[in-house]
Every structure is written in C-alpha cells, then in structure tokens.
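Engineer: This structure is in structure tokens; I'll ask about it shortly.
The values are calculated or read from the model by the stated rules, or taken from the named source; none is laboratory data. It should be emphasised that the depicted structure is a prediction, and the values quoted were computed from it without experimental measurement. Don't worry about glycine lacking a Cβ; one is built from the backbone with ideal geometry, like all the others, and counts go over all protein chains shown. The protein model used for the area step is the full one, side chains on, heavy atoms only, and it has no ligands, DNA or RNA in it. Shrake-Rupley method; radii C 1.70, N 1.55, O 1.52, S 1.80 Å.
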Amino acid sequence: MIARLAARTLIVVGIAVILAGVIAELVGAKTSVEWEASIDTSNIPGAAMTVFAFSSSGRVEISVEGARSIYYMTLRGDPMIALRQLSTINISMVEHTLVSDIRAGVAYGAAGLQTNPLLLKTLPLLANILPVEVTTTSAGDVIEVNLTGGNGVLVVVEPSGDKVVFHMRYTVTGYSRLDTYTLTVLGTMTSLAGIIAYNRLTRPRVAGHT
Amino acid sequence: MGLRGLAELALVDSSDSLRPPGFDVMMVIIASLGAALATMQPISEPHVAARIILDPTLFAATLFLALRGSAGVAGLIQRGVVSVYLSYPVSRSSVYTAIAVSRVLLPAVTLLSAPLIVAGLVLLPVVSASPGSYILVFLAYLLQACMYGSFFLLAGLVAKSPGTASVVSITFYFAYNITMLILSAVGAAMGNSTVSGLADAMAFYYMVYRSLLGVGVEVWQLLLVPLLLLAMLLAGYGYFTRRFEPG
C-alpha cells in the first residue's frame, strides 16, 4: 500500500514538475521592477511609500522629489501592521495606491498622509513607539535598503511643495531555479518511474508463473 | 501482534482513505498549484517558499481530511467496517491509532508534501541552501492540519453519520478561522497585543514562520496548537476506548 502510494505520488510530482516548466516559460518570475508615483500634497502635510517583499529578497532604491525631510523605517513582518499603528497615533492614509506584483514577489504603494503637520515632525520619535528603527535622510538622497522575504520598508516624507514624486527600483537577489529543459526532463523521468513502479506493483500475479 | 497489528490495520484502512481517483486528483491539483506558485515568483528563501506553497495547500488538505477523516469514518461505522476492525485481535487503542494514522496523519503528510517536493525540485538551488527551515515550516503546517484532522476524526466517531460529521467538521474549521480573524481585528482595534497574540497563536505555522523571520514569538504562542492537538487526540482516544459503541 505504501509502495503504491509512493508510486502514485511520483507520477503526480512528475506531472507537476513538467507543468512548472511550462508555467515558467509563460509567466515566469521577474527579477526587477520599476515604479513611479506622484502624490498631490497641496492639501496634506505628508506622503508615504512602502515596499514589502512578500516572497522575494532584493535591493530597493527609492528616490524622492519634492521633499523637505524624509524618514524611513525597515519593518519585519507585515507592513500593514505598522500602518495600522500609525493610525493609532492619528496618521491616516488618503489617496493610496497599492500594487501587488506577484511575478516580482513584491508589493508597493504610495499614499498621502492626513495628520497634524507637527506630528510628522516628531516622527523620528516613533522609534520609541513602534518596534522599528527610524532613519532620517536628506532630501534628494536615494534610499537603498536590502529586503528579505517578509520584510518591508516604509518611507515618510514631509513635502517642500505641492507634489511629491517617488521613484522606486527593486532588484531581486538570491533567486535561482532549475531551467525549463531540466524541469521537463526531470518531470518526465519522475512520471515514467512512477508509472513503471505502479504498473509492477499492481500487475496481477499469475499462479505458477515464474 | 501489537505494533504489527496496528500497522496492518492502518494499511488496510488507508486503502480506503487514500483510494484513487479522488485522492490522486486532489494531489495533482495541489501539486500543480505548488508548481505554479513556485515558478511565478522569484522566491529566494526556503522558509518563504514553504509558506507560500503550503498556505493554499493547508485549506485543500483540511477539506480533504473533513471528507475522508470525518465523514469517511462515520461511513465506516455505518457500514459495519469498524465492527470488523474491532473484531481483530488488537486493542481498541490500536484500532484508534490505526484509524488516526490512516485518516489524519497519512493523508496530511502526502497532501502537504506533494507540492513541497515539486517546489523543492523547481527551487533546488534556493531550498538546498537551508533545507532545515523548509522542513520546519512543513512540519508546522502538518501539525496544524493534524489538529484539524484529529477534531474531524472525533466528530466522525461521535456523529456516526457522514452528513452530520461533514457539517460539524467544516463548521469547526470555519469557526476556528473566523475566531482567529475576529480576535486579530479586535486586538488591532483595541491595541491589545495579548488578543492579537492569541489570534496569531491559533496559526502554529505562522508562529514558526515568524520565528524564522526573527520576529519575537512567546513560548505560550508556540504551545497553543500542539496542546489543542494533544487534547483532541486524547479526547478521541478516551471516547473510542471507553464509550464508543459501533451501533
């Protein structure tokens, strides 16, 4: 029974590995992504951008135009938890855009921040409120952060004018998989091995046959 | 006869619980899903790969356990097969263990490992860097599936009717998950970390995953689901060995 189950599992694994090769050719993973977002800050005191690597690891570079000061914090786990915590100190999001790019294994988005302007100036103190490290950088600097799977970065900007523009470039690192040819060969061999084994295990034994 | 009888009975029963083509079709679907998820995303860490592949698999495996582990057992009781099992020269505890192995452990291991093997082959360069964390996340999902499955088994033994057993099992599964969502929402709304922590602790795999990410996890959060599993297995064992009548 166990041997038969193993043979059936081999057949299934083989089929799925062949399928994996086909999917990889059609809609395989991307290793870099670029994105730009513009936030109208004429009526709001701040803007924010977040990048969250949900399945990949990589290097994110974010440059900001139209900033007076920039704070960013790296987050472990779900960045939505940190955003919810921001709402508990009266910082709420308006006009937000969130993009989930499954083929790059990363989610990113930008939003306007509605809050008391003085509160944004005290943002570096967040390090004492949230379990995160807040870093202050000069306007015009490019923020570069290495992200691992399940980690993210949140950038908060105090604008200098009516518009803040975020440019984001994310490059995947550490990703590697078997190539399509190897997957096809491996899948075919595994399936055939499973079929042969199952056939031998279920073949009726004829009495007297040696 | 003890262990050998138990193993033989588990094998006999698993020929029903894992019978083709239903089980095979489920395996193909789950393994294909694993293949798709592993190739569409540039996953670069083993534990992240395991979580992404096993999240949807756990749901499918749990529904399968509800059908074969709960309704299937109730069907066995109705058809008198359990009476035949009890007539074997093995103890009641051996019969219960054999049924738990063939109706909960074996299907859960097979269904959860099929997509993981596929993803492991596709992402061989990534997974081979740290196979331990890959297997650890698998074991965490397996424990959660066995916790659901042990309740389903108890429901099947008590209900003795496939329809009732299915309804009770699926209701339990959704109630458990909805409770988790409500506790999480209430915890976030109230800013109460204990309530949020309780919601997180109800998903053992999430706790293990978080600890692999380096996020702090408390000991009680890691113990909740294993203790629930133990309690359900003991409840099923106690019921089957002391009160169960095949009818």
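Engineer: Can you pull out the helices (runs of 4 or more DSSP H) entirely within the range B:1-78 that have at least 2 residues that are modelled with pLDDT of 90 or more and either acidic (Asp, Glu) or open to solvent by less than 20 Å² (accessible area, probe 1.4 Å) (or both)?
Structural biologist: Here the list reads B:22-40, B:46-65.
Engineer: Among the listed residues B:Phe240, B:Phe204, which satisfies the condition of being farther than 16 Å from B:Ala145 by Cα, open to solvent by less than 50 Å² (accessible area, probe 1.4 Å) and not basic (Lys, Arg)?
Structural biologist: Of B:Phe240, B:Phe204, the one residue that is farther than 16 Å from B:Ala145 by Cα, open to solvent by less than 50 Å² (accessible area, probe 1.4 Å) and not basic (Lys, Arg) is B:Phe240.
Engineer: Can you pull out every residue in the range B:145-171 that is open to solvent by 40 Å² or more (accessible area, probe 1.4 Å) and within 19 Å of B:Ala108 (Cα to Cα)?
Structural biologist: Hits for the range B:145-171 are B:Phe151, B:Ile170.
Engineer: What's the number of the only condition in (1) at the interface with chain A (Cβ under 10 Å from one of its Cβ atoms); (2) surrounded by fewer than 23 Cβ atoms within 10 Å (Cβ to Cβ) that B:Val122 fails to meet?
Structural biologist: All conditions are met except number (2).
Engineer: Another question, then. A:Ser38 fails exactly one of the following numbered conditions: (1) within 14 Å of chain B (Cβ to nearest Cβ); (2) out of contact with any Ser or Thr (no Cβ under 8 Å at 6 or more places or on another chain); (3) surrounded by fewer than 20 Cβ atoms within 10 Å (Cβ to Cβ); (4) not in a loop (DSSP other than H, G, I, E, B). What is the number of that condition?
Structural biologist: (1)
Engineer: Further, regarding this structure: I'd like to verify a number: residues in the range B:15-46 that are within 25 Å of A:Val27 (Cα to Cα) and either under 19 Å from the mean Cα position of the chain (by Cα) or of a type in the set (Asp, Glu) (or both), how many?
Structural biologist: Of the residues in the range B:15-46, 10 are within 25 Å of A:Val27 (Cα to Cα) and either under 19 Å from the mean Cα position of the chain (by Cα) or of a type in the set (Asp, Glu) (or both).
Engineer: Next up: Sort out which residues of the range B:95-112 are surrounded by 22 or more Cβ atoms within 10 Å (Cβ to Cβ), within 11 Å of another protein chain (Cβ to nearest Cβ) and within 20 Å of B:Arg51 (Cα to Cα), and write them in order of number.
Structural biologist: Answer for the range B:95-112, where residues must be surrounded by 22 or more Cβ atoms within 10 Å (Cβ to Cβ), within 11 Å of another protein chain (Cβ to nearest Cβ) and within 20 Å of B:Arg51 (Cα to Cα): B:Pro107, B:Thr110, B:Leu111.
Engineer: Name the residues in the range B:170-198 that are at pLDDT below 95 and of a type in the set (Gly, Ala, Ser), would you?
Structural biologist: Correct list: B:Ser184, B:Ala185, B:Gly187, B:Ala188, B:Ala189, B:Gly191, B:Ser193, B:Ser196, B:Gly197.
Engineer: Could you give me the residue pairs with C-beta distances under 7 Å whose first residue belongs to the range A:21-32 and is more than 8 Å from every other protein chain (Cβ to nearest Cβ), whose second residue is of a type outside the set (S, T, N, Q) and part of a strand (DSSP E or B) wherever it lies, and which are 6+ apart or on separate chains?
Structural biologist: A:Ser32/A:Tyr170; A:Ser32/A:Val172
Engineer: Shifting gears a bit: Look at B:Leu230 and say whether it is surrounded by fewer than 19 Cβ atoms within 10 Å (Cβ to Cβ), closer than 25 Å to B:Ser93 by Cβ and in contact with a Phe, Trp or Tyr (Cβ under 7 Å, 6 or more places away or on another chain).
Structural biologist: Answer is no for this residue.
Engineer: Okay, next question. With respect to B:Val137, is the statement that it is at pLDDT 90 or above and crowded, with 20+ Cβ neighbours inside 10 Å true?
Structural biologist: Against the criterion (at pLDDT 90 or above and crowded, with 20+ Cβ neighbours inside 10 Å), B:Val137 qualifies.
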